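As C-alpha cells, the structure follows; a few thoughts come after it.
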Amino acid sequence: MKRLILEMSLKPFYDTGNEAVEKVTGAIVRQWAPLIDQAQSVSVLFWTADGSEILEYDGRLTREIEWAKWIGIANTPPHDSGKRTLHDVRVPYRDNPPAITYERLRAIVQTVKSTIASLTGKPVTLGTIFDPGPEFSESQFKYVRHKEIAGGATMGEGRWVSCAAVLKGDHTPYAAYPDGIPDGTSLATFLGAQSRRFIADMGFDYLWLSNGFGFALAAWSVTGQVFDGTRFDAAAAPDINRAILSFWREFRATCPDVPVETRGTNLSTGMDLSSDATPMRDIYRGEFNLIAPPNSPWAALDGDYGLEITGWLSHIAELPANGIIPFRYYIHDPWWLNSPWLDRYGREPHDIYLPLSCGRIASDGRVQTPDSVSLLTIDDSYGRTPDQVPTEVIPRINEALRDAPDAPGLVTWIYPFDEYHDWTFASPSRASEVFFGDWFMRAAVNQGFPLNTVASTSTFLSSRKARKGLYDGTVLVCPAPDAGTPLAAALMEHLDSGGKALLYGPLGHADPGLLSRLELSFAGSISGELDFRTAMPGDTLSTGSYPSRIQMRETLSGGGADTILAPSSGARVLAEAASGQNRRVFAAIGGGSLAWVRGAFCETITGGQLPRPDDQREWFPAARLMRWALAELGYALRFEKNDVGTPDPVVLAAKCRNGWFFSGFSRSTNVRLRWKFPIGVPIPVGCDVQLDGDAGSISLPRAWHRECRVFVQQSTPGEVTCREVYSGEIGITRRLAVGGLSNARVTFLPDSTAVIEARLQKNVGYLGSGPAIEDIRREADTIVAGNVNGELLISW
C-alpha cells in the first residue's frame, strides 16, 4: 500500500487549541497504526466545509469559517416541508460548536501534519474538498450571492453546482480577485484561482473534487443532460462534452500545480457517456494531473454492488498518466447520523472483500490493484472516533490486500473504453448500445456473474503480446467487436488456441468471423413483450419457476432481437425469444468455446436515481443468462433458492498466488451455491461441500472470503471437507486436510510463493506420517492425485 488516506471532519477537535489537536491526532495514529505501518505515506483529507470556504476566502485569516458542524442537511430546503428528517432539518453536532477561523484552520493543518509525521516517520499530506451540493456546510456563496451556479436539481431544484457554470459579477473582495469577480468569469477559472491561494495559505497539499463534480453537469441519475429516459439527444452531446472538458482546461489555467483527486460519479463510464456525454477519455488523457475515481460508496446505501463493481472497473480500465488506482471504504458518516460499518454493513466485510478482489490488466500484463486505501470517515456524526471500528475493520482490509489478485480472474472484461467514446459521438450515434452495455453488466454482477478483472481493448491487445498465455485460464467477456477490428482478430486467435469467450449485446456491427463461429444470421427485429425460453439448466427453485416472458426495450437495449440460426448449423441455441411466430436466437454457443447472450435492459426508468428492475415473478431477467452461459464454457455457478424473488448472491472469483479466492455477499443466507469448474468442484479452505453427481453445493454466509486450492471430482455422493491443519513439522508452513473422498480425483493448486514442493499423503497415524499418494501427476501449476479415498493431507 503506497498510501493510507484518513478522511475526517473537524468535529473531533472540540478544543481547537494546538495541544488538544495534537492529542486527538495522536489517538487517531494509535487507532490506525496497523494500517499506517504498511503504508509508504499518510494523508488526511479534511472535510472542513463544502468548499465554500475556498470560494469565500478573501485572505483575512481572522475571518470565521462556516464549517461543517451540522448533523443533517446544512443548507435547509427553501420551503418547510413539515418533515423532520435529516434531509429537511439540521442540528449542530454538539452544544456550542467551536468557532473556527482561517487562522485556526491553518494551525490545525500544521499541527495534524507535524504530529503524524513525528509519530510515524512517514511523508504526510493533507487535502481539502470541493463539493457541488447542499449537504455539508451553510453556503452564502452558492445559494445566496451566486445562485446562478447552482442550477442542478440533484437534492432539489437549484441545489447542485454545475462545473460549467458562469458567475455574475460582484464587488466582494476575494483572495484571488481583490476587486471582485468580473462578470462572465467561469466558475472553473474562479475556483482554480481561489484554490491555489487557499491551499497555499492554509498548508494543504491537494484538492478533492467530490460527488461527480467535473465529470457531469449534474451527476447521480440514470438520466442526464443527453438522455431523458426515452431518447438519446445525440445533437446535444458534443456541446455538453465540450462544456465539461472546458472546466478542466480553465481550472488548470489558474491552478496548474495543485494535485487533484476525484470522487467521480456513482455510475460507470458507459452510463455517464450515454446520459451525460462525460469526456472521461479526454479528462484522463488531458494532462490535468488528477487521480482516477475510487469505487463508489453508494453500495453501502442501496446494496447495488453490481453498480459499484462495474462502475469502478470501467473507471480503471484506462487510467490517467500517473496510473494510480484508489480504493475507498465507508466506515462512518460525519453528517447523516449513520456509521456504515456498524449499521448499514452490519459489521460484515463484503464491501472490503468484493472491490479489493478486483484488478486491472496493465499494458505489460501486470495485474494492477489499488495503490491507496481511503477511509470515509474516521469520525462519526458526533465527532467520535470509536476504537471498535478500526479494531474490526483493519484485519479485514489487511486480509483483502494480502489476497489481492495477481492474475486474471475467472472472467476478464475487455472494456470498450475507446469504443464507447467513439460510438457515443458517432454519426449516427450508438449511444443506445453504450447505455445498454454497462447497465446490462451491472445487472449480471448483481445476479451472480463473477466479474473481477478488467482490461481496456487497447491494454488487452498490448498485454497479450507482452505476456504470452496471460489469458489462457480466463473467460474473455466483451460486447461483440466490430468487423475488421484488431480485437476481433485477437479474439479469434484466442479461440483457435483453446481459449474461451462470452460475448453480449447486439451483433449488428459484429465481425463476420465471429458470427460464422456462432452460425448466426439476421432477420427482422422484434421487441416489446416477448415469449422467452432457455435450454440452459438454471438455478434451482423450491417453489415456482422462472417466467416465460421477457421485456425487450429496443431503445434501451441497443436495438431489438434480430438473430436466427443459420441452416444446418452446428451451433446450439441456448435461449430464444419470440413474438408470435417470429422466433429469434437470444443466446447461443458455437464450437464449445464461444458463447453469446443478446441481453436486454430489463428495468423501468421511473424518474429516480436508479432504474427499477422488472418484477422477476412476471418477467425473465436477461442478465442472469450471463452466469448460466458460463456453465456452457465449463464454469457452473448456480443457486439453490426459495423462489424467483429471492435475490441472488454476488460472487467474485480472483486468482492470487496460484490459488482461487472467492468473495461474496448473500442478500439471503438461505441461498446455496451449486458449482463446478473444469478441474472439479471447488472445496474452499474451512468449508464443507456436498458433492452430488458432477457438482457440489455449499452454504453461503452473509459475507465471505475463502481461499480455494483443492478441486474434487468423484461419482460417489457425500460431504467433502477442507480444513487448515497445524504444521507440527520443521520446514512445513501449511497443511490442508481434505476429507470425505471416495475414489476421487483431486486437483491441488500449489502456492506460488512456497519454498518447498507440496507433499500429498494419506492422513493416517501421526500427522504427516501417512504413506504418499502414488497416483500423482505434477504439472507447472497443478498437482493431480487419482483414486484417493478417505482423508488426504497436503503439506508445504
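The values are calculated or read from the model by the stated rules, or taken from the named source; none is laboratory data. Computed from a predicted structure; not experimentally measured. Here the Cβ positions follow ideal geometry from the backbone for every residue, glycine too, while neighbour counts run over all protein chains shown. The protein model used for the area step is the full one, side chains on, heavy atoms only, and it has no ligands, DNA or RNA in it. Shrake-Rupley method; radii C 1.70, N 1.55, O 1.52, S 1.80 Å.
Look at S527 and say whether it is open to solvent by 60 Å² or more (accessible area, probe 1.4 Å) and either of a type outside the set (D, E, K, R) or farther than 24 Å from Q447 by Cβ (or both). Against the criterion (open to solvent by 60 Å² or more (accessible area, probe 1.4 Å) and either of a type outside the set (D, E, K, R) or farther than 24 Å from Q447 by Cβ (or both)), S527 does not qualify.
Rundown of residues vs (1) open to solvent by 20 Å² or more (accessible area, probe 1.4 Å); (2) under 20 Å from S742 (Cα atoms); (3) in contact with a strand residue (DSSP E or B) (Cβ under 9 Å, 6 or more places away or on another chain), yes/no style:
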{"residue": "A772", "(1), (2), (3)": "yes, yes, yes"}
{"residue": "R777", "(1), (2), (3)": "yes, yes, yes"}
{"residue": "D781", "(1), (2), (3)": "yes, no, no"}
{"residue": "G786", "(1), (2), (3)": "no, yes, yes"}
{"residue": "L792", "(1), (2), (3)": "no, yes, yes"}
{"residue": "W796", "(1), (2), (3)": "no, no, yes"}
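From the set of residues in segment 6-22 that are among the aliphatic types (A, V, I, L, M) and open to solvent by less than 10 Å² (accessible area, probe 1.4 Å), which is farthest from the chain's Cα centre (by Cα)? Here the residue is V21. Taking segment 705-794 as the region of interest, the strands (runs of 3 or more DSSP E) fully inside it that hold 1 or more residues being of a type in the set (G, A, S) and more than 14 Å from I679 (Cβ to Cβ) are 718-725, 735-748. Here A571 clears all of (1) in contact with a helix residue (DSSP H, G or I) (Cβ under 9 Å, 6 or more places away or on another chain); (2) surrounded by 22 or more Cβ atoms within 10 Å (Cβ to Cβ); (3) hydrophobic (A, V, I, L, M, F, W, C); (4) without any contact (Cβ under 8 Å) to a residue 60 or more places away in the chain except the condition numbered (2). Pairing residues of segment 742-769 that are free of Cβ contacts under 8 Å to residues at least 60 places away in the same chain and open to solvent by less than 70 Å² (accessible area, probe 1.4 Å) with residues that are of a type in the set (F, W, Y) and part of a loop (DSSP other than H, G, I, E, B), at Cβ distances under 9 Å and at least 6 apart in sequence or on separate chains, gives A754/W796; A758/W796; L767/Y726. When segment 413-451 is filtered for residues that are under 14 Å from the mean Cα position of the chain (by Cα) and among the β-branched types (V, I, T), only V445 remains. Scanning segment 201-258 for residues that are within 19 Å of S429 (Cα to Cα), β-branched (V, I, T) and open to solvent by less than 20 Å² (accessible area, probe 1.4 Å) yields V222, V226. Of all residues in segment 599-640, those that are among the β-branched types (V, I, T) and either in a loop (DSSP other than H, G, I, E, B) or touching a helix residue (DSSP H, G or I) at 6+ places or on another chain (Cβ under 8 Å) (or both) total 2.
For segment 691-698, the criterion of being modelled with pLDDT of 95 or more, assigned to a loop (DSSP other than H, G, I, E, B) and open to solvent by 10 Å² or more (accessible area, probe 1.4 Å) is met by none of the residues. V681 meets the conditions (1) under 13 Å from C708 (Cβ atoms); (2) surrounded by fewer than 21 Cβ atoms within 10 Å (Cβ to Cβ) in every case but one. The failed one is (2).
Listed conditions (1) touching a residue at least 40 places away in the same chain (Cβ under 8 Å); (2) within 22 Å of D496 (Cα to Cα); (3) not small (G, A, S) are all met by D562, apart from (2). Taken over segment 23-56, residues that are surrounded by fewer than 18 Cβ atoms within 10 Å (Cβ to Cβ) and more than 31 Å from the chain's Cα centre (by Cα) amount to 3.
Scanning segment 102-135 for residues that are out of contact with any helix residue (DSSP H, G or I) (no Cβ under 8 Å at 6 or more places or on another chain), open to solvent by less than 10 Å² (accessible area, probe 1.4 Å) and of a type outside the set (A, V, I, L, M) yields G127, D131, P132, G133.
Restricting attention to segment 601-628, the residues being open to solvent by less than 20 Å² (accessible area, probe 1.4 Å), charged (D, E, K, R) and within 16 Å of D539 (Cβ to Cβ) number 2.
Report those strands (runs of 3 or more DSSP E) wholly inside segment 551-597 carrying at least 1 residues which are at pLDDT 95 or above, farther than 15 Å from P479 by Cα and touching a Ser or Thr at 6+ places or on another chain (Cβ under 7 Å).
561-565, 572-579, 582-590
Quick check, is D88 part of a loop (DSSP other than H, G, I, E, B), of a type in the set (D, E), under 26 Å from P178 (Cα atoms) and open to solvent by less than 70 Å² (accessible area, probe 1.4 Å)? When the stated conditions are applied, D88 does not pass them. Name the residues in segment 158-171 that are at pLDDT 95 or above and either outside any loop (DSSP other than H, G, I, E, B) or open to solvent by 50 Å² or more (accessible area, probe 1.4 Å) (or both), would you? Passing the criteria: V166, K168, D170, H171. When the test is whether a residue is basic (K, R), at pLDDT 95 or above, closer than 30 Å to R347 by Cα and in contact with an Asp or Glu (Cβ under 7 Å, 6 or more places away or on another chain), R702 passes it.
Only one entry of N295, N266 meets the criterion of being open to solvent by less than 10 Å² (accessible area, probe 1.4 Å), touching a strand residue (DSSP E or B) at 6+ places or on another chain (Cβ under 7 Å) and of a type outside the set (G, A, S), and that entry is N295. Entry remark, segment 134-157: residues being within 18 Å of G607 (Cβ to Cβ) and assigned to a loop (DSSP other than H, G, I, E, B) number 5 in total.
When residues in segment 700-721 are screened for being over 21 Å from A654 (Cβ atoms) and either in contact with a helix residue (DSSP H, G or I) (Cβ under 7 Å, 6 or more places away or on another chain) or open to solvent by 20 Å² or more (accessible area, probe 1.4 Å) (or both), 6 of them pass. Taken over segment 66-85, the criterion of being open to solvent by 10 Å² or more (accessible area, probe 1.4 Å), within 22 Å of R104 (Cβ to Cβ) and either among the aliphatic types (A, V, I, L, M) or touching a Pro at 6+ places or on another chain (Cβ under 9 Å) (or both) is satisfied by K69, W70.
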